[in-house]
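Every number here is computed from the coordinates shown, using simple stated rules; none is lab data. None of the values given here were measured: they were computed from a predicted structure. Glycine also receives a Cβ, built like all others from the backbone with ideal geometry; neighbour counts cover every protein chain displayed.
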Amino acid sequence: MVKTMSAPDAQAHFTDLLGAVHETHEAVVVEQNGKAIAVVISPEDFAKLQRSAEDGWWASIQRVQDRNEDKDPDDVMRDITELVEEVRRERRARYQSRARRS
């Protein structure tokens with residue numbers, strides 16, 4: 001079970017909060033106005049999350065490599081370059097749109 005705590009309580013009892021997370025390895029969700037704004041977890045749990053994320057990235061990379069192993073590397077690079085440029089154009093358009101509204 002995950003413990004929740006309001007932001008003012010977390011601030012007022014920060015040392016106790018850190019001690020509890022360290023001792024129990026129980027995550028604590030810090031909320032402000034009923035909305036989660038942070039999660040305090042133990043270093044060990046954080047390391048597990050990082051390893052899991054890395055494993056997910058490597059698995060994704062392996063899937064992409066497997067799907068493209070029979071393709072010409074130059075064709076793959078061209079496709080990737082086109083996709084990257086498309087994302088850049090979309091981001092630039094969003095940025096310019098926000099700048100015009102400001």
Sum of -39500 (n - 2.57) over DSSP H runs of 4+, divided by residues of the chain (222 nm, nearest 500): -24000 deg cm²/dmol
Nearby lysines by direct alpha-carbon distance to Lys48 (threshold 21 angstrom, same-chain neighbours under 8 apart not counted): Lys3
Residues of type aspartates and glutamates that Lys35 reaches as a straight line, Cα spacing below 18 Å, ignoring anything fewer than 8 places off in the same chain: Asp9
Antiparallel DSSP beta bridges within the chain, as percent of all bridges there, nearest 5: 55 percent
Spin-label pair Val76/Val2, simplified geometry with 7 Å Cα→Cβ offset, distance in nm: 3.7 nm
Cα-Cα P(r), the chain, percent of pairs per 10 Å interval: 12, 22, 18, 23, 20, 5, 0
Relative contact order [Cα under 8 Å, 6+ residues apart], the chain, whole percent: 17 percent
Counted charge near Trp58, where neighbours are those whose Cβ lies closer than 14 Å (Asp, Glu -1; Lys, Arg +1): -1
Neighbourhood charge, 15 Å Cβ-Cβ cut-off, centred on Asp70 and excluding it, Lys, Arg +1 and Asp, Glu -1: -3
Projected label distance in nm at Thr15 and Glu54, using a 7 Å step from Cα toward the beta-carbon: 3.5 nm
